[in-house]
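The values are calculated or read from the model by the stated rules, or taken from the named source; none is laboratory data. Remember, it's a predicted structure, so these values are computed and weren't measured experimentally. Note: ideal-geometry Cβ built from the backbone for every residue, glycine included; neighbour counts use all protein chains shown. Only protein heavy atoms, including side chains, enter the accessible area calculation; ligands, DNA and RNA are left aside. Shrake-Rupley method; radii C 1.70, N 1.55, O 1.52, S 1.80 Å.
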Amino acid sequence: MAAELDWSSLGFHFRPTNKIVVSYYKEGQWSAPVTTSDFTVALNCFANVFHYGSACFEGLKAFRGKDGKVRLFRPDENAKRLKSSAERLGIGAVPEQMFTQMCLTAVKENIDFLPPYGYNASMYIRPVIIGTTPGIGVSSSAEAMFIVMVAPVGTYSGKKSLTPLTATVARNYDRAAPNGTGRFKVAANYAISLFPYNMAHSQGYGELLFLDPATHTYIDEFGSSNFLAIQGNKYVTPLSDSILPSITNKSLQQVALDLGLTVEKRKIALEEVADFDEINACGTAVVITPIKSIDDKARLEDAAPVKTYNMPSGEEVGKTSKKIYDRIRGIQDGIEEDIHNWCVFLD
Ligand code: PLP
Ligand code: COI
């Protein structure tokens, strides 16, 4: 079936693959992982995940390098973040080694779906933990299921990589509460972003930018990714308790330092967008996606923005962003030296 895929136009979609890898958590222990071609999950309708949303997940990628080797990018970081998300939900946390091993198994079992080198495509790995205990009272789930599934993917937007997108600010919608779960990768954060996302998309925007939920003054992040700006020789990215600690952003900051830039992690007022040379969304799915304009609207429902910030880089990716992009993609493709030992090899 993978043979029928056009690697050059994958976009970011579900596609049936060969196998998923599954483990069950009961009485404080994870079962030995099994691989199965049955992608359906049968659960009691009282299962915690259906009512109280006990679900958290991860996203990471495997790449086929120019040298033919298969690299997973920083799975140890995803393992740590998933552990923190599971602990926040009070459900079983997956040990780091088991996480990485199950991801490697998932890639191996679906190896014919790993895009070849040269198409700027990869295998997206989606590990998910759900709370499965049947119940009716509000409580955490004692039992859980951990599933690792994969999908061959191209760009998140479906456009050519590095195609700039438009964005709008969502001032009257938040994806996280001030003392809530914004810094964890829990399904609830995404559930509440769907309504404003649908609205923004129907208005023709490619991305939605959330402000800090306490004051709606500072930039938090996009619904799918972190915010990164370039100003001269500086890499600027928000410091906030309500954003996801992006592994891509963390890696890009290191790359920026390696390239001789300085890195500023601080509160960024929305108005500062006018002073930036380049703006991007960054994350596993979006990699680096340039943002060409940001509309500021009092309410997302309003037809006209109060203000529009147009980026000087316009229809092009910014020069500095492109340098950073080339370095990180080069490391993932085995072209640039992996000086920080980020990649984990399959076999
Ligand atoms: N922010 C949000 C809301 C995300 O969904 C993601 C994607 O995982 C990111 C940021 C980027 O995080 P990472 O680079 O670890 O994929
Ligand atoms: C990722 O980048 O891995 C994510 O989870 C973002 C999601 C919107 C696809």
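Rounded to the nearest 10 square angstrom, residue 173 shows an accessible area of 50 square angstrom against a 1.4 Å probe. For the residues 87, 4, 264, a 1.4 Å probe over the protein chains yields an accessible-area ranking, largest first, of 4, 87, 264. Based on Cα contacts under 8 Å between residues 6+ apart, the chain shows a relative contact order of 19 percent.
Ordering 51, 340 by how much accessible area each has at a 1.4 Å probe, largest first, what is the list? All intermediate terms of the calculation are to be shown ahead of the outcome.
Values: 51 85, 340 65 Å².
The most accessible residue leads, giving 51, 340.
Legend: residues 275, 76, sorted from most to least accessible area (1.4 Å probe; ligands, DNA and RNA excluded), read 275, 76. Would you be so kind as to identify which of 335, 300, 120 lies farthest towards the positive end of the dipole of the chain, taking Lys and Arg as +1 and Asp and Glu as -1 on Cβ and the Cα centre as origin? The one lying farthest along the dipole's positive direction is 335. Among the protein heavy atoms, those of residue 313 account for about 30 Å² of accessible surface (1.4 Å probe, every chain in place).
Viscosity 1.002 mPa s, temperature 20 °C: give me the Stokes-Einstein translational D for segment 2-153 in µm²/s, with Rh taken as the Kirkwood radius over C-alpha pairs. Can you show the working numbers first?
Details: Rh = 16.1 Å.
Here the translational diffusion coefficient equals 133 µm²/s.
Please give me the summed charge of the neighbours of residue 2: other residues whose Cβ is under 15 Å from its Cβ, Lys and Arg +1, Asp and Glu -1. It would help to have the intermediate numbers written out before the result.
Numbers: positive: 15, 19, 64, 108; negative: 4, 6, 109, 112.
Taking every Cβ under 15 Å from that of residue 2, the sum is 0.
Using a probe of 1.4 angstrom and keeping all protein chains present, the accessible surface of the chain works out to 44 square angstrom per residue.
Can you send over the carbon and sulfur percentage of the accessible area for the chain, probe radius 1.4 Å, protein chains only? Display every interim value, and only then the final one.
On the way: 8020 of 15330 Å².
Roughly 52 percent, rounded to a whole number.
Please report the spacing between the Cα centers of segment 286-317 and segment 91-119 in Å, no decimals. Taking the Cα centre of segment 91-119 as reference, the centre of segment 286-317 is 35 Å away.
Averaging the Cα positions of each part gives two centres, and for segment 15-82 and segment 233-272 these lie 29 Å apart. Start at zero, step by 10 Å, and the Cα-Cα distances of segment 175-288 spread as 14, 46, 33, 7, 0 percent across the bins. Oblate is the label for the chain. Its Cα gyration tensor axes, ordered a ≥ b ≥ c, give a/c of at least 1.5 and b/c at or above a/b. Distance cut-off 32 Å, Cα to Cα: go down the list 19/267; 250/297; 69/265; 160/234 and report the pairs above it. Too far apart for the 32 Å limit: 19/267; 69/265.
Can you tell me the FRET efficiency between residue 43 and residue 5 if r is taken as the Cβ-Cβ distance and R0 is 25 Å, rounded to the nearest 0.05?
Numbers: r = 31 Å, r/R0 = 1.23.
Step by step, r from the Cβ atoms, then E = 0.20.
Straight Cα distances below 12 angstrom link residue 322 to the aspartates and glutamates 278, with same-chain residues fewer than 8 positions distant left out.
Adding -39500 (n - 2.57) for every DSSP H run of four residues or longer, then dividing by how many residues the chain holds, sets the calculated 222 nm ellipticity at -6500 deg cm²/dmol.
Among rounded, prolate and oblate, which fits segment 213-347 when a ≥ b ≥ c are the square roots of the eigenvalues of its C-alpha gyration tensor, a/c under 1.5 means rounded, and a/b larger than b/c means prolate? Please report the intermediate quantities before stating the final value.
Values: a/c = 2.02, a/b = 1.77, b/c = 1.14.
Note, shape of segment 213-347 comes out prolate.
Rounded to the nearest 20 debye, the dipole magnitude of segment 2-153 is 360 debye, with +1 charges on Lys and Arg beta carbons, -1 on Asp and Glu beta carbons, and the Cα centre as origin. Taking every protein chain into account, the 1.4 Å probe leaves residue 165 with about 20 Å² of accessible area, to the nearest ten.
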